[in-house]
Amino acid sequence: MNRRNLWKPILMLLLTLFAGMYVLPTFLGEGKAPSWFPFQKRLAFGLDLQGGLELRYTVDYKKAISDNLLRTRESVIESLTVALAVKEGKEPEALTDDEKKAFAARFTVERTDFDTLLLTFTNEADLEVVTPELVEEQRGDLRRQVPSGGQIALKMDERRVSQIRDEVVNQTLDVIRKRVEAFGLVEPDVRKNGDTDIDIQMPGVRGAQVDQVRERIGQTARLAFRIVDRSPTALTFFKDNEPALAAFKEKFPEKGALLKMDRDASTGQWYVRADAGLTRGKGDSLAKNALFSFLKTVKIGDDHTVGYEMVETREDNLIKERFCRTFYLWSRADVTGEHLTRAMVLFETQGEPYVSLEFDAIGAKQFEDVTEKNTGEYMAIMLDDEVNSAPVIKERIGGGRAKISMGGNRNPREILQEAQSLTTVLTHGAYKAPVHKVHDTEVGPSLGQDTIDAGMIALAVSMLVILIFMAVYYAKAGLITDIALMLNLLFTLAILIGFNAALTMPGMAGIVLTVAMAVDANVLINERIREELRAGKGTRAAVDAGYTRAFSAIFDSNLTTAIAGVILLNYATGPVYGFAVTLLIGIVVTFLTQVFVTHMIFDMYVERFRPERLSVGI
């Protein structure tokens, strides 16, 4: 071969050696490769082969829109108050608190659906203040509906609802993917399914790791700081609902037996508590379920929300009681996790871990303002609906820092693990909408091993039959094809390992299909070479013409297959996705080995041995 072209076989030899070393640990078995060996990564198998965890969650985008609409509701109330004052010829800035309350008493703003606000006026003539300009100032996506009596509805544009749905689902998809990748798992598959569902497949997840994955993915961890309402009506809110509690106990005696009224000595609020037993576990779930079931029977206004807290009371370091209790809070959260920049685990002087929070400039200013305005009040630090703690605000807090204490009379290692898990969730983002589990399946490994064995046998037999056929039918040209086929399989496995991709059963089918396509490419090439030799051309001219004439057909067939593979890659999930991965890898490798490598070997053979006739099975 011309010395200028020596780099081709040298490069191919180096690639082959590298791929061989990369794949070797897979064939040696787990832990069999020497510690000094530069490559230790092995080929991983997919969920259908080695078992693991399969989850499906649905994103409650309506809750995200509904929460956002509540913030708009407050702005609408302020704007309507100003508009009514202007209508009466008064300066809005000069209004006293009593005058503002008087104007606000002339209408109500209720959220009647997740995307709708209903404005009701005591005087129908006041409807005229709800102008298109006023609505546009609140939100550009709100649409005025036809007034009816003293009412008018503001409904979100349907296209905007669809847009928000897609944004929320995609954001949730990214958050879940980051959380899953934080485990360092092999090729976790996190994909959107339909409009609101998200499928998660994690091969190789077993034992205690299964519960960790479920807990971390399922934790929405939406951080919010809310003020405890201590107005006279708020203090007695649950006490006033004592008849509703009595009715609930009569209707659901088993759940009702866990519930009772109590009063907080610090805040002065009456609250409902549910007994959870002295140990963590099933009792916690029963208590929360009983509490939530009762709360569904209580009407809570849009401007308030109810949080819950797990409380432990101790005496001489022994737990005397554990219960889940309510907090009656303002729904408005002036500080949220949206401006959280850092979450990390630190330790108290006593050695107890806690999660330290740091906010950006906007969050720090919000935190400073809310603590200044509410000095002397109680601020609930909440993760989702759960109150972590509700300390009293003693003074304005600057610097944009807060902390979440883990607490609990538990094993220090367990507390630390919970703090680290929470830090991971906060660092990788919180969901903007609640996620609800739809499907949860733990796939056992025993079925996977049987499938692996059957798949390996099928792959080996198909390869062996093809290699023998090509060697017999095309003689020396068939042997060149066989060399390229072995390189094809070697490079495919090396790429799968290098990209941390898992091999699935359909993936094995993709490899078999790739081998068939590779053989098809070489059959086309060999047949074209035969035709050129029959036409009387010399060996080198026949080889060059054979590759030139076959290339377009090979390119077209692989291109159409690649298009189908790309479609599967973008829209398929699970095992079918694995098929698409190996298929696309196989197409690229086929071009490298079956076209360029075989052509290079033919050139080397012709130049080195200068045969009068090529052995292509003629």
Over the stretch 312-332, the set of residues on the phi > 0 side of the Ramachandran plot and in contact (Cβ under 8 Å) with a residue 24 or more places away in the chain is ASN317
With ALA562, ALA509, ALA550, ALA542 as the choices, which residue is part of a helix (DSSP H, G or I) and modelled with pLDDT under 85? ALA509
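Quick one: which of GLU254, GLU187, GLU215, GLU250 is modelled with pLDDT under 85 and exposed (fewer than 14 other Cβ atoms within 10 Å of the Cβ)?
Every option except GLU215 fails the conditions.
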Residue count, the stretch 218-233 (criterion: modelled with pLDDT of 90 or more and either within 14 Å of VAL298 (Cα to Cα) or assigned to a loop (DSSP other than H, G, I, E, B) (or both)): 3
I need the full set of residues from the stretch 326-358 which are more than 29 Å from ASP369 (Cβ to Cβ) and of a type in the set (D, E, K, R), in order please. GLU352
Index of the failed condition, PHE499 passing every other in (1) over 37 Å from the mean Cα position of the chain (by Cα); (2) surrounded by fewer than 17 Cβ atoms within 10 Å (Cβ to Cβ): (1)
All but one of (1) farther than 30 Å from VAL168 by Cα; (2) surrounded by fewer than 17 Cβ atoms within 10 Å (Cβ to Cβ); (3) not hydroxyl-bearing (Ser, Thr, Tyr) hold for ASP113, so report the exception by its number. (1)
Within the stretch 287-406, considering only strands (runs of 3 or more DSSP E) that don't extend past its boundaries, which have at least 1 residues that are in contact with a His (Cβ under 6 Å, 6 or more places away or on another chain)? 353-359
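What number of residues in the stretch 304-321 are in contact with a helix residue (DSSP H, G or I) (Cβ under 8 Å, 6 or more places away or on another chain) and surrounded by fewer than 21 Cβ atoms within 10 Å (Cβ to Cβ)?
Within the stretch 304-321, residues that are in contact with a helix residue (DSSP H, G or I) (Cβ under 8 Å, 6 or more places away or on another chain) and surrounded by fewer than 21 Cβ atoms within 10 Å (Cβ to Cβ) number 3.
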So, in the stretch 291-329, how many residues would count as being more than 30 Å from the chain's Cα centre (by Cα), more than 13 Å from PHE238 (Cβ to Cβ) and hydrophobic (A, V, I, L, M, F, W, C)? 4
Can you name the condition, by its number, that LEU80 falls short on among (1) in contact (Cβ under 8 Å) with a residue 24 or more places away in the chain; (2) loosely packed, with under 15 Cβ neighbours inside 10 Å? (2)
When you scan the stretch 28-38, do you find a residue that is assigned by TED's automatic domain parsing to the domain that holds VAL581 and at pLDDT 85 or above, even just one? no
Would you be able to say whether some residue in the stretch 245-262 is under 19 Å from HIS304 (Cβ atoms) and in a loop (DSSP other than H, G, I, E, B)? no
Being outside any strand (DSSP E or B) and in the same structural domain as THR236 (by TED's automatic domain parsing) narrows it down to one residue among ARG273, ARG280; which is it? ARG280
Options PHE103, PHE114: the member that is at pLDDT 85 or above, among the hydrophobic types (A, V, I, L, M, F, W, C) and over 42 Å from the mean Cα position of the chain (by Cα): PHE103
Which condition does LEU119 not pass, out of (1) surrounded by fewer than 17 Cβ atoms within 10 Å (Cβ to Cβ); (2) closer than 30 Å to LYS63 by Cα, if it passes all the others? (1)
When the stretch 132-166 is checked residue by residue, the ones that are touching a residue at least 12 places away in the same chain (Cβ under 8 Å) and of a type in the set (Val, Ile, Thr) are VAL135, ILE152, VAL161, ILE164
Residue in the stretch 548-585 that is nearest to PRO611 (Cα to Cα), counting only those that are surrounded by 20 or more Cβ atoms within 10 Å (Cβ to Cβ) and of a type in the set (Ser, Thr, Tyr): THR582
The residue from ALA380, ALA390, ALA343, ALA402 that alone is within 25 Å of the chain's Cα centre (by Cα), crowded, with 20+ Cβ neighbours inside 10 Å, outside the structural domain of ASN68 (by TED's automatic domain parsing) and touching a residue at least 60 places away in the same chain (Cβ under 8 Å) is ALA343
Can you tell me which residue in the stretch 152-184 is modelled with the lowest pLDDT, limited to those that are within 30 Å of ARG73 (Cα to Cα) and β-branched (Val, Ile, Thr)? VAL175
Do you know which residues across the stretch 146-170 are of a type in the set (Val, Ile, Thr), surrounded by fewer than 18 Cβ atoms within 10 Å (Cβ to Cβ) and either part of a helix (DSSP H, G or I) or not assigned by TED's automatic domain parsing to the domain that holds PHE107 (or both)? VAL161
Among (1) farther than 30 Å from GLN171 by Cα; (2) assigned to a helix (DSSP H, G or I); (3) among the hydrophobic types (A, V, I, L, M, F, W, C), which single condition is ALA265 missing? (2)
Every residue from the stretch 568-586 that is part of a helix (DSSP H, G or I) and without any contact (Cβ under 8 Å) to a residue 12 or more places away in the chain: ASN570, TYR571
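Yes or no, residue by residue, for (1) of a type in the set (Lys, Arg); (2) under 23 Å from ASP211 (Cβ atoms); (3) in contact (Cβ under 8 Å) with a residue 40 or more places away in the chain:
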residue	(1), (2), (3)
ARG273	yes, no, yes
SER285	no, yes, no
HIS304	no, no, yes
MET310	no, yes, yes
ASP334	no, no, yes
GLY337	no, no, yes
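The values are calculated or read from the model by the stated rules, or taken from the named source; none is laboratory data. Not measured: the values here are computed from a predicted model. Here the Cβ is made from the backbone with ideal geometry for all residues, glycine too, and neighbour counts use every protein chain on show.
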